[in-house]
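Heads up, the thing below is written out as structure tokens.
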């Protein structure tokens, strides 16, 4: 996915989940020490409100249900601002040119009521949505209702507006939000003593000034910032692949922040929390350090292996740059958050692999649907995918309901890959394949239900490597 705004603003992913990871460990300090810590840390936190453009006041989010006296499930929106106005942040871009901050990393975190598991869902910054109408704090209403990138909501009216955008997009009520800046991210990493990351190959990225060898390295704050910002020199250069890398980094960070060594070192622990709270902005309720502490204490039973990371299901928008939420697939994810049930991602069907280049496959397309233009449309779609379409004609009969791929002996692997990609209202799993002796080229008879042609898979990926869920206890090499 290309980045059309790159000349104006260097994108980078903020690792806001680190705040919760760091604050969780406050449970190790008790009595007077806890009181001293909270009084010092409380004055550090900046406060921002939820959107106030609606008619009804926003209800307070109770940590404990007064009837059952048990914890309630929580949805926390974790964001990262790309503002360059913090101390030392001007080296990542001119703070005047980049004056309007956007939330370039957004994670919707669901914490279960029984505090045994959590699900963290990354929302791509280039997701195309209808922006909500919001009100800037102390200012006028900003009218939405038009389509733009998801991360523009933050620029419109701050984190409260982003929370409103997520609520409208997902139907999931947001209880709290947290935002962190450049300096906060780096300082938390340095206070932790660094974070280990595993690389499958060496990195030399001149834009982020990141130079790392292949293998495992202990990254300091500056290196970590470069690692999570780097894009073109790592993976396929897309923001979606970078999200997967961010999730691997977060997992390592959580393992570090919840380690025994940190819990047993009050000085180091205070440094982490001091760095974190100096660089965060939260909603008013969570901005009270006592509420933040109580919230963190309630979450201390969630172990890394029960913190799941995934990217919201998405579809290409068709402009070569942006994506849209796949609402059909995402609806199950949003429903699980609203019902406080653990989301189980459906297993992806293993797509057949095309064993040769599409240009090496000669194709005959015959319209057997009885509908004018069906054959030509399929032939054009296959040509766009690189196949050598040699013949376009009518089939001997026009009574084919679903599409059929006919192949010569030995070409079954090619036929399976092509058939899998041809979708219809009935044949949603792909066209039927038939071996036919004496064929001089792959022949496709187009059926009446044929609707689209998916991209042909050229390698056997059991799941999409970008959106596949993972957990925080897994060590992932990038």
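The values are calculated or read from the model by the stated rules, or taken from the named source; none is laboratory data. Quick caveat: nothing in here was measured; it's all calculated off a predicted structure. Counting neighbours? That spans all protein chains shown, and the Cβs are built from the backbone with ideal geometry, glycine included.
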Residue satisfying all of: in the stretch 218-245; modelled with pLDDT under 75, out of contact with any strand residue (DSSP E or B) (no Cβ under 6 Å at 6 or more places or on another chain) and not in a helix (DSSP H, G or I); surrounded by the most Cβ atoms within 10 Å (Cβ to Cβ) among these: 231
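What strands (runs of 3 or more DSSP E), lying completely within the stretch 371-441, carry at least 1 residues that are surrounded by 20 or more Cβ atoms within 10 Å (Cβ to Cβ) and out of contact with any helix residue (DSSP H, G or I) (no Cβ under 7 Å at 6 or more places or on another chain)?
Values: elements: 388-394, 404-407, 422-424, 432-435.
Once the strands (runs of 3 or more DSSP E) in the stretch 371-441 are filtered for at least 1 residues that are surrounded by 20 or more Cβ atoms within 10 Å (Cβ to Cβ) and out of contact with any helix residue (DSSP H, G or I) (no Cβ under 7 Å at 6 or more places or on another chain), what remains is 404-407, 422-424.
Taking the condition surrounded by 15 or more Cβ atoms within 10 Å (Cβ to Cβ) and assigned by TED's automatic domain parsing to the domain that holds residue 58, does residue 214 pass? So that I can check it myself, show each step before the final result.
Values: surrounded by 15 or more Cβ atoms within 10 Å (Cβ to Cβ): no; assigned by TED's automatic domain parsing to the domain that holds residue 58: yes.
No: the conditions fail for residue 214.
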2 or more residues touching a residue at least 40 places away in the same chain (Cβ under 8 Å), in contact with a helix residue (DSSP H, G or I) (Cβ under 8 Å, 6 or more places away or on another chain) and surrounded by fewer than 19 Cβ atoms within 10 Å (Cβ to Cβ): qualifying helices (runs of 4 or more DSSP H) within the stretch 113-209: 182-192
Flag if residue 315 is in the same structural domain as residue 118 (by TED's automatic domain parsing), more than 24 Å from the chain's Cα centre (by Cα) and either surrounded by fewer than 16 Cβ atoms within 10 Å (Cβ to Cβ) or assigned to a helix (DSSP H, G or I) (or both): no
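Quick grid of which residues meet (1) more than 34 Å from the chain's Cα centre (by Cα); (2) in contact (Cβ under 8 Å) with a residue 12 or more places away in the chain:
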position	(1), (2)
420	no, yes
424	no, yes
428	no, no
434	yes, yes
441	yes, yes
446	yes, yes
Members of the stretch 364-386 that are touching a residue at least 12 places away in the same chain (Cβ under 8 Å) and more than 20 Å from residue 449 (Cα to Cα): 385, 386
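Scanning the stretch 255-283 for residues that are assigned to a loop (DSSP other than H, G, I, E, B) and either modelled with pLDDT of 80 or more or under 24 Å from the mean Cα position of the chain (by Cα) (or both), which turns out nearest to residue 194 (Cα to Cα)?
Here is the first cut: in the stretch 255-283, the residues assigned to a loop (DSSP other than H, G, I, E, B) are 258-259, 264-265, 278-279, 283.
Add one more test, that the residue is either modelled with pLDDT of 80 or more or under 24 Å from the mean Cα position of the chain (by Cα) (or both), and what stays is 258, 279, 283.
Values: 258: 13, 279: 18, 283: 28 Å.
Ranking the candidates gives 258 first.
For the stretch 169-186, give me the residue count where each residue is over 30 Å from residue 223 (Cα atoms) and either in contact with a strand residue (DSSP E or B) (Cβ under 8 Å, 6 or more places away or on another chain) or not assigned by TED's automatic domain parsing to the domain that holds residue 284 (or both).
Looking only at that region, the number is 6.
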Looking only at the stretch 298-307, and only at residues there that are surrounded by 16 or more Cβ atoms within 10 Å (Cβ to Cβ) and not in a loop (DSSP other than H, G, I, E, B), the one that is farthest from the chain's Cα centre (by Cα): 298
Among the residues listed as 310, 286, the single one being part of a strand (DSSP E or B) and surrounded by 19 or more Cβ atoms within 10 Å (Cβ to Cβ): 310
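Picking from 478, 452, which residue would you name as being farther than 30 Å from residue 212 by Cβ and either surrounded by fewer than 21 Cβ atoms within 10 Å (Cβ to Cβ) or at pLDDT below 75 (or both)?
Numbers: 478 fails: farther than 30 Å from residue 212 by Cβ.
Residue meeting the stated conditions: 452.
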Scan of the stretch 342-369 for residues that are surrounded by fewer than 12 Cβ atoms within 10 Å (Cβ to Cβ) and in a loop (DSSP other than H, G, I, E, B), ordered by number: 344, 346, 347, 349, 357
The stretch 340-350 - residue that is out of contact with any helix residue (DSSP H, G or I) (no Cβ under 6 Å at 6 or more places or on another chain) and modelled with pLDDT of 75 or more and, of those, farthest from residue 457 (Cα to Cα): 340
Meets criteria (at pLDDT 80 or above and assigned to a helix (DSSP H, G or I)) for residue 248: yes
Check on residue 331, touching a strand residue (DSSP E or B) at 6+ places or on another chain (Cβ under 9 Å) and at pLDDT 90 or above: no
Candidate set from the stretch 50-79 (those that are in contact with a strand residue (DSSP E or B) (Cβ under 6 Å, 6 or more places away or on another chain) and in a loop (DSSP other than H, G, I, E, B)); member that is modelled with the highest pLDDT: 51
